[in-house]
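FYI, it's all coordinate maths here, none of it is from the lab. What you see is a predicted model, and the numbers here were worked out from it, not measured in a lab. Because the Cβ atoms are built from the backbone with ideal geometry, glycine has one as well, and the counts that use them run over all protein chains shown.
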Amino acid sequence: MELSFEGIILRPWAFSDAFNLALIANNKKIADNIRDGLPNPYSLEDAREWLNQILPENNPPRFFAITLDKNLVGNIGIVAKTNIYRKNFEIGFFISEKFWGRGIATKAIKAVTAYSFRDFDIVRVYAEAFSDNIGSRRALEKAGFRLEATLKHNIIKNGIIKDSCIYAVLKDELKYQIT
Ligand SMILES: CC(C)(COP(=O)(O)OP(=O)(O)OC[C@H]1O[C@@H](n2cnc3c(N)ncnc32)[C@H](O)[C@@H]1OP(=O)(O)O)[C@@H](O)C(=O)NCCC(=O)NCCS
């Protein structure tokens, strides 16, 4: 299944993406802005290991390769929450640094959010950005997400205590769709 939206295509990851994934993810500016777990440096072996982990359960897809003109330019994924939070998805994403500032994250967020509400029985999609991650916050806002809360001293990243920002959009307020 592919999601085509405003000039980008989101497609499920494939094992053959390992090399290009490693090229993109081997970037400290990416690792510094997401949760711990993305190795830095990021090797081809790391890419293969991650793909081996997610691909067996990626149908229906929850982890998408973001592509522009057939080139791999990023990753976006949804995580289904459980228990009393089971009507929520959390999204996470990163874009190849070479393609920053071209609206790709905004489009990918919109595509995956519309897909989530179209294909899954959920009512809320949210993301958590470090408060100093202006690019991510701006992309979420442009995709129609609302700042719900700033959680003070909620995280520690690279040994530094930071605030995080919860952005969310509700199913009944979404202003775009995907076909
Ligand atoms: C955050 C990230 C996903 C944004 O991707 P992108 O494709 O460049 O995002 P977009 O182009 O859709 O939107 C970014 C917006 O932030 C703005 N922006 C980026 N850095 C900025 C800064 N330091 N100050 C002000 N605005 C900034 C851009 O100008 C753009 O807004 P505009 O279209 O109004 O000009 C990308 O930088 C990235 O992968 N970062 C590392 C990983 C990460 O942070 N992931 C998200 C975790 S929550």
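Tallying residues that are touching a Phe, Trp or Tyr at 6+ places or on another chain (Cβ under 9 Å) and away from the ligand (no atom under 12 Å from the Cβ) within the stretch 77-110 yields 6.
Taken as a whole, the structure places GLY74 among residues that are within 13 Å of the ligand (Cβ to nearest atom), under 15 Å from the mean Cα position of the chain (by Cα) and not basic (Lys, Arg). Among the conditions (1) under 12 Å from the mean Cα position of the chain (by Cα); (2) more than 20 Å from LEU174 (Cα to Cα), ASP46 misses just one, which is (1). In the set (1) within 16 Å of the ligand (Cβ to nearest atom); (2) surrounded by fewer than 16 Cβ atoms within 10 Å (Cβ to Cβ); (3) farther than 27 Å from MET1 by Cα; (4) not hydrophobic (A, V, I, L, M, F, W, C), the condition left unmet by ASN33 is number (2).
Inspection of the stretch 126-148 finds no residue satisfying the criterion of being away from the ligand (no atom under 13 Å from the Cβ), more than 11 Å from the chain's Cα centre (by Cα) and crowded, with 16+ Cβ neighbours inside 10 Å. If the condition is being more than 15 Å from the ligand (Cβ to nearest atom) and hydrophobic (A, V, I, L, M, F, W, C), then the stretch 36-58 contributes LEU44, ALA47, TRP50, LEU51, ILE54, LEU55. Residues in the stretch 110-155 that are more than 23 Å from PHE64 (Cβ to Cβ) and touching a residue at least 12 places away in the same chain (Cβ under 8 Å): SER131, ASP132, ARG146, LEU147, GLU148, ALA149, THR150, LEU151, ILE155. Of the residues contained in the stretch 51-66, none is found to be of a type in the set (Gly, Ala, Ser) and assigned to a loop (DSSP other than H, G, I, E, B).
Matching residues to (1) among the small types (Gly, Ala, Ser); (2) in contact with a Ser or Thr (Cβ under 6 Å, 6 or more places away or on another chain):
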site: ALA114; (1), (2): yes, no
site: ARG118; (1), (2): no, no
site: ASN133; (1), (2): no, no
site: ARG138; (1), (2): no, no
site: GLY144; (1), (2): yes, no
site: CYS165; (1), (2): no, yes
site: LYS171; (1), (2): no, no
site: LEU174; (1), (2): no, no
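Does ILE161 meet the test of being out of contact with any Phe, Trp or Tyr (no Cβ under 9 Å at 6 or more places or on another chain), in a strand (DSSP E or B), surrounded by fewer than 18 Cβ atoms within 10 Å (Cβ to Cβ) and among the hydrophobic types (A, V, I, L, M, F, W, C)? So ILE161 passes the test.
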